[in-house]
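Taking it in order: structure first as structure tokens, then the write-up.
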């Protein structure tokens with residue numbers, strides 16, 4: 001279980017960055033706190049920062065229980081912390097993230113340019129399926145496609161759908177979405193997020209290229 005969630009964290013929430021859109025005052029400290037914990041801290045300091053951030057997210061949600069971007073960021077924080085901690089508690093935190101993201105979609109599916117769909121879709125294909133968790137590939141694909149419909153030009157919506165396609169071994173399709181994501185317009189208010197995402201895209205493109213070359217070699221050998 002711990003290994004599964006560590007993989008989930010490193011692939012999905014290591015450098016997640018939401019699409020540029022106005023963010024509420026309540027969500028801002030969650031966004032900045034997450035960026036500090038995720039980008040600038042490691043090991044024990046990172047764990048302690050996320051534990052503090054969890055408490056802050058809980059308190060802000062109590063103050064603004066119907067604010068979709070607060071719910072989205074609380075969901076991301078819980079999902080990230082699940083990946084760091086691992087173990088049986090990770091599933092409980094992933095379920096909390098799922099509930100927040102579903103609530104955000106119910107209130108306003110377009111909040112943060114549909115980022116709840118992107119994050120929730122990724123949860124669905126990274127979390128183990130029944131009986132351990134709620135993971136489901138068909139649901140994941142539906143959610144990720146919804147994210148693309150809401151934000152077809154977005155760097156994140158294209159990147160995370162590409163990762164799903166890679167997981168399904170559809171490497172050529174994944175490559176096209178990665179290349180499209182790489183050309184997305186930069187977000188003036190999120191330079192660190194864009195820099196990190198572009199590095200992840202390059203890493204994914206290299207992986208896709210390796211897999212496609214392996215497939216060519218296998219076909220040639222046959």
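Check whether at least one residue in segment 127-149 is closer than 28 Å to residue 188 by Cβ and either more than 15 Å from the chain's Cα centre (by Cα) or free of Cβ contacts under 8 Å to residues at least 12 places away in the same chain (or both), and report yes or no. The answer is yes, given that some residue of segment 127-149 is closer than 28 Å to residue 188 by Cβ and either more than 15 Å from the chain's Cα centre (by Cα) or free of Cβ contacts under 8 Å to residues at least 12 places away in the same chain (or both).
Each residue in segment 60-116 was checked for being farther than 18 Å from residue 142 by Cβ and outside any helix (DSSP H, G or I), and 7 of them qualify. Each residue in segment 103-113 was checked for being under 12 Å from residue 157 (Cβ atoms) and surrounded by fewer than 24 Cβ atoms within 10 Å (Cβ to Cβ), and 1 of them qualify.
Can you go through 67, 63, 45 and tell me which one is surrounded by 21 or more Cβ atoms within 10 Å (Cβ to Cβ) and out of contact with any strand residue (DSSP E or B) (no Cβ under 8 Å at 6 or more places or on another chain)?
From the options 67, 63, 45, the qualifying one is 67.
Based on what the data block shows, is residue 158 surrounded by 19 or more Cβ atoms within 10 Å (Cβ to Cβ), more than 30 Å from residue 88 (Cβ to Cβ), at pLDDT 95 or above and under 14 Å from the mean Cα position of the chain (by Cα)? For residue 158, the condition - surrounded by 19 or more Cβ atoms within 10 Å (Cβ to Cβ), more than 30 Å from residue 88 (Cβ to Cβ), at pLDDT 95 or above and under 14 Å from the mean Cα position of the chain (by Cα) - is met.
Taking the criterion of being surrounded by fewer than 18 Cβ atoms within 10 Å (Cβ to Cβ) and modelled with pLDDT of 95 or more, would at least one residue in segment 78-94 satisfy it? Scanning segment 78-94 turns up no residue that is surrounded by fewer than 18 Cβ atoms within 10 Å (Cβ to Cβ) and modelled with pLDDT of 95 or more. Considering segment 171-181, and only residues there that are farther than 26 Å from residue 33 by Cα and under 19 Å from the mean Cα position of the chain (by Cα), the residue that is surrounded by the fewest Cβ atoms within 10 Å (Cβ to Cβ) turns out to be 179.
For segment 183-222, filtered to residues that are at pLDDT 80 or above and not in a helix (DSSP H, G or I), the residue that is surrounded by the fewest Cβ atoms within 10 Å (Cβ to Cβ) is 188. Within segment 53-87, which residues are out of contact with any helix residue (DSSP H, G or I) (no Cβ under 8 Å at 6 or more places or on another chain) and more than 20 Å from residue 23 (Cβ to Cβ)? Listed by number, the list holds a single entry, 55. Exactly one residue out of 53, 11 is part of a helix (DSSP H, G or I) and either at pLDDT 95 or above or more than 19 Å from the chain's Cα centre (by Cα) (or both): that is 53.
Residues in segment 124-149 that are over 29 Å from residue 86 (Cβ atoms) and surrounded by fewer than 19 Cβ atoms within 10 Å (Cβ to Cβ): 145, 149. Pull up segment 117-150, narrow it to residues that are assigned to a loop (DSSP other than H, G, I, E, B) and within 22 Å of residue 77 (Cα to Cα), then point me to the one that is modelled with the lowest pLDDT. Looking at the filtered set, the residue picked out is 132.
The values are calculated or read from the model by the stated rules, or taken from the named source; none is laboratory data. Since the model is a prediction, treat every value here as computed from it, not as a measurement. Every residue, glycine as well, gets a Cβ built from its backbone with ideal geometry; the counts of neighbours run over all protein chains shown.
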